[in-house]
Amino acid sequence: MISGKTSLVGLLGQPVNHSLSPVIHNAAMQEMGLDWCYLAMPCESKNLNIVTKALLNLNCKGLNITIPHKQSALNICKTISPLAKKLGAVNTLIPNQEEGWTGDNTDVEGFLAPLKVKEWKGKKAIIIGCGGSARAVMAGLENLDIKDILVIGRNKNSLNCFLKDLTPQNLNLQKNKIHLEGLLSEDDQISNQIKKADLIINATPIGMSKENTQAGLSHEMPLGETIWQNLEAKTILYDLIYTPRPTAWLTLGAQKGCTPIDGLEMLIQQAAASLRLWSQTKDIPIDVMRAAAKKHLTS
Ligand code: NDP
């Protein structure tokens, strides 16, 4: 029940109206007995500074940041965690009345959660896409001790920018003896690389539900459909998308015997990690968050 004592937490981005975060967070906060309310708040880039300043003054207990502000939000932080600094991206803001906002990134923790059950040392991974979430994926793969990483981008400029930002020094690639390579999406070598990969991650929006297609589903696949003929059953496919569940790409992979992982667990685990930072509470009711998300997606 919202009362005069209820505090605000929420999400800033553009657009935010399809976000699952309010469903997940409000379920958890109710279970934890926190008198907080989580709202998805549309915010244009030009207003990010003034909106975050105002929310700090309104005693907002915490913010999530999504597209397109993850990188620009670094500029409004008084302090930035080493991980967010390394990635050049913030998805969580923690308030400090005297100091201002502290920026952190929980996407890496969310990404890693479904992969922790397996040994990845020495394996080969492919990341499709080189935007904001691909940066968190890179940091996660470094953490798993993956040996070879291939990043595939559609655009030379963004691919070069990604490879330049995530320098070996920056990500300890040299220390961990990781081989990092970038290829453009039309490169002939990709087909062969797919055959050899142990893990392939889709970090693009290709395959995400679209309002204008039949039943709201997209049948598109990253890199087009034909390239996946070479997929081997040993390969794990990880799609960061969680609507639809599964995507057309994960369905095709499952038909070829591959293990599919969708983006829902990442979403839940990054949300739980943000709530841990805001509430300073270790025990977050992750089962309640997962159940709320699944119920919402099937309703
Ligand atoms: P960005 O916009 O930062 O990056 C998207 C990347 O995909 C860019 O490299 C972009 O290329 C590429 N791309 C976009 N459209 C196409 C296309 N039609 N064909 C080929 N490449 C394309 O987005 P994010 O990295 O933040 O998000 C990517 C996906 O991951 C989204 O679907 C998002 O919902 C999902 N996600 C899921 C999370 C979860 O918790 N499960 C968390 C974060 C993201 P270019 O550089 O040329 O524009």
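The values are calculated or read from the model by the stated rules, or taken from the named source; none is laboratory data. This structure is a prediction, so every number in the text was calculated from the model and none was measured. Backbone-built Cβ (ideal geometry, glycine too); neighbour counts: all protein chains shown. For accessibility, only protein heavy atoms count, side chains too; no ligands or nucleic acids. Shrake-Rupley method; radii C 1.70, N 1.55, O 1.52, S 1.80 Å.
Roll a 1.4 angstrom probe over the protein heavy atoms and tell me the percent of accessible area of the range 1-88 that is carbon or sulfur. Show your work: numbers first, answer last.
Working: 2700 of 4760 Å².
The C+S portion of the solvent-accessible surface of the range 1-88 is 57 percent.
Rounded to the nearest 0.05, what FRET efficiency is calculated for residue 18 and residue 46 with R0 set to 30 Å and r the Cβ-Cβ distance? Could you put the intermediate results ahead of the total?
Working: r = 22 Å, r/R0 = 0.75.
It comes out at approximately 0.85.
At 1.4 Å probe size, with every protein chain present, just tell me what the per residue accessible area of the chain comes to in Å².
Numbers: 14770 Å² over 299 residues.
Per residue, the chain has 49 Å² of solvent-accessible surface.
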Determine the gain in length on full extension of the stretch residue 119-residue 147; use 0.36 nm per residue of separation and subtract their C-alpha separation, reporting nm with one decimal.
8.9 nm
If you place +1 on the Cβ of every Lys and Arg, -1 on the Cβ of every Asp and Glu, and leave all else neutral, what size is the dipole of the chain about its Cα centre, to the nearest 20 Debye?
340
Need the C-alpha centroid separation for the range 38-100 versus the range 201-276, integer Å.
28
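Take the alpha carbon gyration tensor of the chain, find the square roots of its eigenvalues, order them as a ≥ b ≥ c, and report rounded if a/c is under 1.5; if not, report prolate when a/b exceeds b/c, else oblate. Provide the component values of the computation, followed by the final result.
Numbers: a/c = 1.86, a/b = 1.48, b/c = 1.26.
Note, shape of the chain comes out prolate.
Using Cα pairs closer than 8 Å and at least 6 residues apart in sequence, work out the relative contact order for the chain, in percent.
Working: 553 pairs, mean separation 50.4, N = 299.
Computed value for the chain: 17 percent relative contact order.
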Ranked by GNM mean-square fluctuation in the chain (Cα springs under 10 Å), the top entry among 137, 23, 51 is 51
Rounded to the nearest percent, how much of the accessible area of the range 109-262 (1.4 Å probe, protein heavy atoms only) is carbon and sulfur?
48
Cα to Cα, under 21 Å, and not fewer than 8 places away if on the same chain: which lysines meet these conditions relative to residue 156?
164
Pairs of Cα atoms under 8 Å, at least six residues apart: use those to get the relative contact order of the range 109-262, whole percent.
21
List the residues whose amide H sits under 5 Å from the amide H of residue 39, counting only those 5 or more places along or on another chain, with H placed 1.01 Å from N in the peptide plane.
9, 10, 11
Could you sort the peptides 76-85, 155-164 by per-residue average Cβ neighbour count (10 Å cutoff), highest mean leading?
76-85, 155-164
Report the relative contact order of the range 1-152, percent, no decimals, based on alpha-carbon pairs under 8 angstrom and at least 6 residues apart.
18
Here the gain from full extension of residue 229 to residue 79, 0.36 nm per residue of separation minus their alpha-carbon distance, amounts to 49.3 nm
To the nearest Å, what is the center-to-center distance of the range 22-37 and the range 106-163, using C-alpha atoms only?
31
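By how many nm would the segment from residue 251 to residue 299 grow when fully extended, if each residue of separation counts as 0.36 nm and the alpha-carbon distance is taken off? Walk me through the numbers on the way to the answer.
Numbers: separation 48, 0.36 × 48 = 17.28 nm, distance 2.12 nm.
Length gained, residue 251 through residue 299: 15.2 nm.
Given the peptides 10-16, 101-107, 63-69, arrange them by the average over their residues of other C-beta atoms within 10 Å, most packed first. Show your work: numbers first, answer last.
Numbers: 10-16: 19.1, 101-107: 24.7, 63-69: 22.1.
Averaged packing, sorted descending, gives the order 101-107, 63-69, 10-16.
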Rg over Rh of the range 109-262, using C-alpha atoms and the Kirkwood radius, what does it come to?
0.95
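Quick check on the chain: of the DSSP beta bridges with both residues there, what percent are antiparallel, nearest 5%? Write down the numbers at each step before the final one.
Details: 7 of 42 bridges.
Approximately 15 percent, going by the DSSP bridge assignments.
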What does the charge count around residue 197 come to, taking other residues whose C-beta lies under 10 Å from its C-beta (Lys +1, Arg +1, Asp -1, Glu -1)?
+2
Note down the nm distance, to one decimal, between modelled labels 7 Å out along Cα→Cβ at residue 163 and at residue 54.
4.4
